[in-house]
Amino acid sequence: MDWGLGNPNKTAALIAILMVAVWSFAYLQKRLFWVALVLFSGLGVCLVHTFSRGGILAAFCGLLPLLIFIKTPWPRGRIVGVIVAFWVIIGASIYLQAHQRFGQGVVQEDRSISNRLDLWKYAPTMMVDAPAGWGIGKSGKAFMEWYQPLDRNEPYRTMVNSHLTWLVEFGWLGRFLYLVGWLFVFAICLPDRRSHWLAIPFGIWLTFFVSAIFSSVAEEPWIWVVPVLALLSAVGWRIKTACWPQPATWIFPPVAAASLLLLVPILWQGTEIQRTKSAVVVGEGTPSVWVVADEKVLGSGYARTLRAHWMGMNSICVGIVSDAKELPSLEDATLILTGMFTSAPSETDREKLAGAASILVVNPAVFPQEFGNLEDLDGKLTVAIGDFAQSPASIAWTRDLKAHRIAGVGDFIPDWPVKLLQEINTQP
């Protein structure tokens, strides 16, 4: 069951949130308790039908504040009704054999769980390696390229955890604001004896938070609707009644968020991979080689290929960008331009190129005329073309400049670190 959301985990998160939200009917009017219970039971059966263990756990956590702040004692009829509702949900689980799915990973290994744990353990290191973040929507690709063990090839789009996904993708300031935002929401919705009804907004946000731990569900806009409405109702009630948390409560979120983030670089060391604003640097010190990477030439897994061969390169420091316009000052480094590396360079780009010790153009998809006046590069530029390269631009470069051939390859160059990095004199 996915309710059209395309992912049962997202559907489970939405259903779990609604299972908490329906109890607002009972707070609005006591007679609506039975309406809330019927809706709760139906949603519970739907939740079981998603087979989402994260959704089940999120619903359980979200209902805890309601149980803690519930008004007691209850009439016997309500107690019986709640017991019947839970048995209906349990019966549906047994009928659908969902209980077998929920029990996986307890007695025997479940790859769904172990793969998540293997992925999540790299998140703190990825944060340390990228002070400015890996970029929105790039966490899964960054993990596969730079951190996934080379003997594993499971594809990932995110960190399979909304919180870790955004913490990896944001820079330190964004990470701080993200954690502070969640803690402020919980502070605003925090119930007490005077505002026990806030257990519902608090439970809704707690359900949302827990469900986002086990899958990337928070990217779905529909899941935000009920939590946002719950937060607005809590804020509106506090403004109307002037009933706000104690001042110490407002101090806690920034202090807690800063403390948690400070622990990350203390407990986890970075690697020799450093993500800057526009580049990835592999190795220590200043890169002696810069590569403008085109996936059509180096392959979609060019980073994994570099990691596989990097230790054999005498651990030279290599910088990689996806566009020549993102290059920093080259400072006598060797520059490798591949494929569609740039359009006509600006004056600033040309100054960067002039600072390179040498420039190697590999299987260019840009015609020499687009690149500009090659004479300005003072003989620093050489061209390498694959034996079986089909690009018309490569033929034009061969005609205009003396180019050497790369044996046994075409437009795509497998094992490119061996064929390119070891062919140039870049050893420190």
remark   = Measuring from the longest principal axis of the C-alpha atoms of the chain, the long axis of helix 221-241 (C-alpha) lies at a number of degrees, nearest 10, equal to 50 degrees
note = Note, Phe388: beta-carbon cut-off 10 Å, +1 each Lys/Arg, -1 each Asp/Glu, net -1
query = Tell me, what is the Rg over Rh of the chain, with Rh the Kirkwood radius over Cα pairs?
reply = 1.12
ask   = trypsin sites (Lys or Arg not before Pro), restricted to the range 129-185: which are DSSP loop and have at most 10 other Cβ atoms within 10 Å?
value = Arg152
task = Please figure out what share of the DSSP beta bridges in the chain is antiparallel and state it in percent, rounded to the nearest 5.
result = 20 percent
query = In degrees between 0 and 90, to the nearest 10, how far off the longest principal axis of the chain does helix 111-120 point, with axes built from Cα atoms?
reply = 60 degrees
Least to most buried among Val38, Val185, Val210 (fewest other Cβ within 10 Å first) = Val38, Val210, Val185
query = Where does the charge balance sit around Leu298 when Lys and Arg score +1, Asp and Glu -1, over other residues with C-beta under 11 Å from its C-beta?
reply = -1
ask   = Where does helix 199-214 land angle-wise versus the long Cα axis of the chain, in degrees 0 to 90, nearest 10?
value = 40 degrees
task = Note down the nm distance, to one decimal, between modelled labels 7 Å out along Cα→Cβ at Arg399 and at Arg193.
result = 9.0 nm
remark   = Residues Thr50, Thr382 in order from fewest to most other beta-carbon atoms within 10 Å are Thr382, Thr50
remark   = Of all DSSP beta bridges with both partners in the range 276-423, the antiparallel percent, nearest 5, is 10 percent
message = Which of Arg111, Arg238 has the fewest other C-beta atoms within 10 Å, and how do the rest follow up to the most?
response = Arg111, Arg238
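Read the figures in this text as sums done on the coordinates, not as results from a lab. Note that the structure is a prediction, hence the values are computed from the model and not measured. Glycine gets a Cβ as well: all are built from the backbone with ideal geometry, and neighbour counts include every protein chain shown.
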